[in-house]
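Trainee: Dumping the structure here so I can ask a few things about it.
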Amino acid sequence: MEWEDLIVTEKAGNSAREQSPDRYSRQILFDGIGGEGQARIIASRVAQVGCGALGTVQASLLVRAGVGMLRIIDRDFVEESNLQRQILFDEEDVRAIMPKAVAAEKKLRAVNSLVKVEGIVEDVNPSTAGRLLDGMDLIMDAADNFDVRFLVNDFAVKHGIPWIYGACVGSYGLTFPILPGESACLRCVFESAPPAALSPSCDTAGVIGPIVGTIASMQVAEALKILAGRRDRVNRRITAVDLWDNRRDIIDLPPRDPECPCCGKREFPYLDGALGADATTLCGRNSVQIRRRDNSGVDLEELARRLAGLGSLERNRFLLRAVIDKYQLTIFADGRAIVTGTYDLGVAKSLYARYVGT
Ligand SMILES: [Zn+2]
């Protein structure tokens, strides 16, 4: 290499620093990142699937850290019960019924104008995933249901994009990174989504803010390692934390399974739309029907127990009807549900994910 090349490289390195000398100074001082790592972070593109509790913390940290571009995809609106833990939103967002992606974009642009923040109000599903996740260096999991996570896993493995799983409920949370081709994928870890009625959600079991901050922060730490080019530092284990029971468990990820349908056999049924939930509007009825493509049934008795106290419930041997807020959910034993009170497929899927589960 000639001296001149070295000078050019040094200049390029400097320009990233000169652009914002103070903004990233503490991160550049940090040995693990440095000027080169920061330049890589600035050049990176990240998609974040979901912008609820985990998502607001992730997005805030990523934008402050200076990723080049952050695409925030969320199909929901801000509600009062979100404010306890979704740190980017405020009462005005609730009053204005702001879509979460839009509210997050507005707040974060004011935080760091150097980052291209894109808030997209859409549902990530087999027909939108390709367009929304294409060309990204990393995908952050801030989803509220397993169907989307399996879909993200299919996409990420197919295209070799790292992604970072994260989930929490109550005072408990779990996270691990997925490096396609290097570490176990989601389907190596969990063969399929847990049965609908057995997976508690924040809307049925509650959640406290600190576990959200803990898990989201751990996800972003792994994200920064990957984006800064320090894959050698990535934590290749499952971390499970319970802040109320004072437990922290580090569990080895299983090795990559050669028989894994996703990363072993390269079948992508969630991406192809063969598995996962399917939603269709019921013409003229202000209702959406949700059908599970795997036809896994729902234990109505168990579901009735979980929904007790959230709204009024009616039940017979074929179905359970719950009226929660302004929506009526009629859930059949085969897992099918009719959500009345909306024509919006995204809203209906979101309600199904919250109250029935995936
Ligand atoms: Zn796998």
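The values are calculated or read from the model by the stated rules, or taken from the named source; none is laboratory data. Keep in mind that what you see is a predicted model, and the values were worked out from it rather than measured. Every residue, glycine among them, receives a Cβ derived from its backbone with ideal geometry; neighbour counts consider all protein chains shown. Keep in mind that these areas ignore ligands, DNA and RNA; they rest on the heavy atoms of the full protein, side chains included. Shrake-Rupley method; radii C 1.70, N 1.55, O 1.52, S 1.80 Å.
Trainee: Any chance you could give the angle, 0 to 90 degrees and rounded to 10, that helix 53-65 forms with the longest Cα principal axis of the chain?
Mentor: Between the helix axis and the principal axis of the chain, the angle is about 10 degrees.
Trainee: Over 17 Å apart: what share of the alpha carbon pairs of region 242-290 falls there, rounded to a whole percent?
Mentor: 67
Trainee: Just subtract the alpha-carbon distance of Thr128 and Ser217 from 0.36 nm times their residue separation and send over the number in nm, one decimal.
Mentor: Length gained, Thr128 through Ser217: 29.3 nm.
Trainee: Got a sec to turn the phi values of region 267-276 into Karplus ³J(HN,Hα) couplings, 6.51 cos²θ - 1.76 cosθ + 1.60 with θ = phi - 60°, whole Hz, x for Gly and Pro?
Mentor: 9, 10, x, 6, 6, 7, x, 8, 10, x
Trainee: What whole-number volume per residue, in cubic angstrom, does the convex hull of the C-alpha atoms of the chain give?
Mentor: About 148 Å³ per residue, rounded to a whole number.
Trainee: Could I ask something else about it? Spelling out what I want: for every residue of region 30-35, take phi, set θ = phi - 60°, compute 6.51 cos²θ - 1.76 cosθ + 1.60 (Karplus), and round to whole Hz; glycine and proline get x.
Mentor: For region 30-35, the Karplus curve yields 5, 3, x, 10, x, x Hz.
Trainee: Top mean-square fluctuation among Ile164, Ile97, Ile226, Gaussian network model of the chain, C-alpha springs under 10 Å?
Mentor: The residue that fluctuates most here is Ile97.
Trainee: Using only alpha carbon pairs under 8 Å that are at least six residues apart, calculate the relative contact order of region 130-270 and give it in whole percent.
Mentor: Reported as a whole number, the value is 28 percent.
Trainee: Loop only per DSSP, at most 15 neighbouring Cβ atoms within 10 Å: give me the chymotrypsin sites (Phe, Trp or Tyr not before Pro) in region 252-358, ordered by residue number.
Mentor: Of the chymotrypsin sites (Phe, Trp or Tyr not before Pro), the ones in loops of region 252-358 whose Cβ has at most 15 other Cβ atoms within 10 Å are Phe318, Tyr343.
Trainee: Could you give the nm distance between label points at Leu114 and Lys265, where each point is 7 Å from its Cα heading toward the beta carbon?
Mentor: 4.8
Trainee: Relative contact order for the chain: what percent, with Cα pairs under 8 Å and sequence separation of 6 or more?
Mentor: Normalised by residue count, the contact order of the chain is 15 percent.
Trainee: So how far apart, in nm, are the two label points at Asn246 and Leu29 if each is 7 Å from Cα heading toward Cβ?
Mentor: Label at Asn246, label at Leu29, 3.4 nm between them.
Trainee: Run the helix sum for the chain: -39,500 (n - 2.57) per DSSP H stretch of 4+ residues, divided by residue count, reported at 222 nm to the nearest 500 deg cm²/dmol.
Mentor: The per-residue figure over the chain is -10500 deg cm²/dmol.
Trainee: How much FRET efficiency would the formula 1/(1 + (r/R0)^6) give for Arg291 and Asp90, where r is the Cβ-Cβ distance and R0 is 45 Å, rounded to 0.05?
Mentor: 0.75
Trainee: I'd like to check one number: the per residue accessible area of the chain, probe 1.4 Å, reported in Å² as a whole number.
Mentor: I get 46 Å² per residue for the chain.
Trainee: What accessible surface, in Å², does a 1.4 Å probe find on Cys188, ignoring ligands, DNA and RNA and rounding to the nearest 10?
Mentor: Accessible area of Cys188: about 20 Å².
Trainee: Can you run phi through the Karplus equation (6.51, -1.76, 1.60; θ = phi - 60°) for region 330-347 and list ³J(HN,Hα) in whole Hz, with x for Gly and Pro?
Mentor: 10, 10, 9, 4, 7, x, 6, 9, 10, 9, 9, x, 7, 9, 7, 4, x, 4
Trainee: Continuing with this model, one more query. Collect residues whose amide H, placed 1.01 Å from N in the peptide plane, falls under 5 Å from the amide H of Glu118; neighbours closer than 5 in sequence don't count.
Mentor: Those lying under 5 Å, H to H, from Glu118 are Leu70, Arg71, Ile72.
Trainee: Find how much the distance from Ala43 to Glu302 grows on full extension, using 0.36 nm per residue of separation minus their present alpha carbon separation; answer in nm with one decimal.
Mentor: 88.4 nm
Trainee: Also, quick follow-up: Amide H to amide H, which residues 5 or more places from Asp257 or on other chains are under 5 Å from it, using H placed in the peptide plane?
Mentor: Amide H neighbours of Asp257, under 5 Å, 5+ apart: Cys185.
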